[in-house]
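Notes to accompany the following structure.
The values are calculated or read from the model by the stated rules, or taken from the named source; none is laboratory data. Fair warning: this is a prediction, and the values are worked out from it, not measured in the lab. Note: ideal-geometry Cβ built from the backbone for every residue, glycine included; neighbour counts use all protein chains shown.
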Amino acid sequence: MKKVSMKKTWDKPRENTMPAAVRVPAAVVIGGVLVAPATVLAPMAGVTDTVFRRFIRNASIFTGHGRGDAGATPQIDARHLVEAPISNQQSGCGLIMTEFTSADGLSRMRESKRKRYLAYDEDEHPISAQLFGSDPLTLADAARIVEDEGFDMVDLNLGCPAKRVVSCNGGSGLLRDLPHIATIFERVRAAVRIPFTVKFRMGWSDQHIVCVELARLAQESGLNAVALHARTREQGYSGQARWEFIAAVKDAIRIPVIGNGDVRSPEDACTMIAETGCDAVMIGRAAPANPWIFRQIAQYTAFGTYNQPTSMDRYHMIRDYFVMLMEEDQNAATGGRMKQFASWFTHGLPGGAVLRKNIYEAKSSTEVLTAVDAFFAAQPTSETENEAEQLLAAGV
């Protein structure tokens, strides 16, 4: 079985041009928790730690620009232009999720260590903690820990395709045993009062598609929502996500359905809603490469257009993230995490290979910031048209 890794690119991505008249819903209620707007940051191992989650929340703050007197372009709060009020600190991202966490590890570790694994800031609410494992009692115990730590929701991972997880019968490995999943659902549901959700794939392979049956089982077991990544375990992250299976799940159940897979732009998000009828959109790989995607979706919903990041936007984004990382952990700012995100953030950036090389070779956080400053100081400034000018040019 080959190793599966999360790619930064997509195989022959579809080009969606859905008009903004087809909107991403302004909100979805999951077990009494309001998620507004109906967009979700996917749980991603090695990515969605508290620094990245707060970074995305900040990058997603949604304000617009309106036409003022005498050609002025004063900034206005454009949230009222979305079909319902936006909550969550005026963020275009309605729900954030943690990296998946081992239920077995949580149940065994000391309380002080648990708090480090489950660390989050108050401004991250609503936030869901995702667990993986295969033992029903251990998962139930871990879910209680999550609830006690103040998380708004708990989610079960039935989607991770990584060999090391599947070999322990976790993640998508459980898709081959629906009766066992039913037992897990029963034990976890009985253990906590907070909303309980599940994220899963279509099935193990094309010969073993179980998503509709699994979604019905989740509803019957009292879960509050399901999220479907519309690929099989065997696909990993290759090929196109098959959104028709999201539509099939939506047709089969009454609880909210969150669609996941190949949402790279606001147009993709709107097309997914139009084609599947899903209640919310979950975004994974696109978020590290384009941290503004949630804000862009909110803008597209409100205005029918959205701004593209300028070189200066990218400069501030990269610098702000590294500063946040340094504040959290000085070692991380010059270690593997910094290098990982340098790869994400500079993907597709002209001359990005030079910046990546300089960051990889930096020996201190100061050297990292110096490399970032020097790179962007040498960039042309002709593209620094601001958000207000773009929106006005579009006739907003």
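Going by the structure shown, is residue 185 touching a helix residue (DSSP H, G or I) at 6+ places or on another chain (Cβ under 9 Å), within 18 Å of residue 101 (Cα to Cα) and hydrophobic (A, V, I, L, M, F, W, C)? Spelling it out, residue 185 is indeed touching a helix residue (DSSP H, G or I) at 6+ places or on another chain (Cβ under 9 Å), within 18 Å of residue 101 (Cα to Cα) and hydrophobic (A, V, I, L, M, F, W, C). Against the list (1) within 19 Å of the chain's Cα centre (by Cα); (2) part of a loop (DSSP other than H, G, I, E, B); (3) crowded, with 21+ Cβ neighbours inside 10 Å, the condition residue 287 fails is (2).
Given the structure, is residue 362 without any contact (Cβ under 8 Å) to a residue 40 or more places away in the chain and not assigned by TED's automatic domain parsing to the domain that holds residue 40? Taking the combined requirement at face value, the residue satisfies it.
When restricted to residues that are under 30 Å from residue 303 (Cβ atoms) and modelled with pLDDT of 75 or more, the range 348-377 contains 4. For the condition closer than 16 Å to residue 49 by Cα, at pLDDT 75 or above and either among the small types (Gly, Ala, Ser) or assigned to a loop (DSSP other than H, G, I, E, B) (or both), residue 342 qualifies. Number of residues in the range 93-118 that are within 12 Å of the chain's Cα centre (by Cα) and over 20 Å from residue 164 (Cβ atoms) equals 5. Being at pLDDT 85 or above and assigned to a loop (DSSP other than H, G, I, E, B): is that true of residue 380 here? Taking the combined requirement at face value, the residue does not satisfy it. Residues of the range 119-177 being among the charged types (D, E, K, R), in contact (Cβ under 8 Å) with a residue 60 or more places away in the chain and in contact with a Lys or Arg (Cβ under 8 Å, 6 or more places away or on another chain), which ones? Selection gives 121, 123, 124, 155, 163.
Restricting the range 150-180 to residues that are of a type in the set (A, V, I, L, M, F, W, C) and in a loop (DSSP other than H, G, I, E, B), the residue that is farthest from residue 96 (Cα to Cα) is 168. Just for the range 250-275: of the residues that are of a type in the set (Val, Ile, Thr) and closer than 18 Å to residue 94 by Cβ, which one is surrounded by the most Cβ atoms within 10 Å (Cβ to Cβ)? Step by step, filter the range 250-275, then rank; the result is 263. The condition of being buried (at least 20 other Cβ atoms within 10 Å of the Cβ), assigned to a helix (DSSP H, G or I), modelled with pLDDT of 95 or more and among the small types (Gly, Ala, Ser) holds for only one of 302, 218, 247, that being 218. Just for the range 161-191: of the residues that are surrounded by 14 or more Cβ atoms within 10 Å (Cβ to Cβ) and of a type in the set (Gly, Ala, Ser), which one is nearest to residue 105 (Cα to Cα)? So the residue we want is 170.
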